[in-house]
1. I'd like the residue in region 2-38 that is over 19 Å from Tyr49 (Cα atoms) and aliphatic (A, V, I, L, M) and, out of all such residues, is modelled with the lowest pLDDT.
2. For region 17-51, name all the residues that are over 12 Å from Tyr4 (Cβ atoms) and among the hydroxyl-bearing types (Ser, Thr, Tyr).
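The values are calculated or read from the model by the stated rules, or taken from the named source; none is laboratory data. All values reported here derive from a predicted model rather than from experimental measurement. Cβ coordinates were reconstructed from backbone atoms using ideal geometry, including for glycine residues, and neighbour counts include every protein chain displayed.
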Amino acid sequence: MGAYLSSYETEDGKEKKVEISDYGGFFYDEASELYYVIPRSISNEWMDYISTQVTLLRSKK
């Protein structure tokens with residue numbers, strides 16, 4: 001199973017880490033220890049978005 005490691009900033013300025021499934025079906029928030037499932041109805045759009053963002057980040061190296 002593959003995953004992308006990402007982070008986000010909360011409204012109060014705290015940085016949180018998430019693991020995003022390479023298969024596009026879920027992500028895991030390490031701080032809350034919760035898994036979030038992406039609905040099948042938008043999973044293709046979600047995976048396209050993630051793939052595009054990863055490609056953009058890799059091209060900036």
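1. Result: Ala31.
2. Across region 17-51, the qualifying residues are Ser32, Tyr35, Tyr36, Ser41, Ser43.
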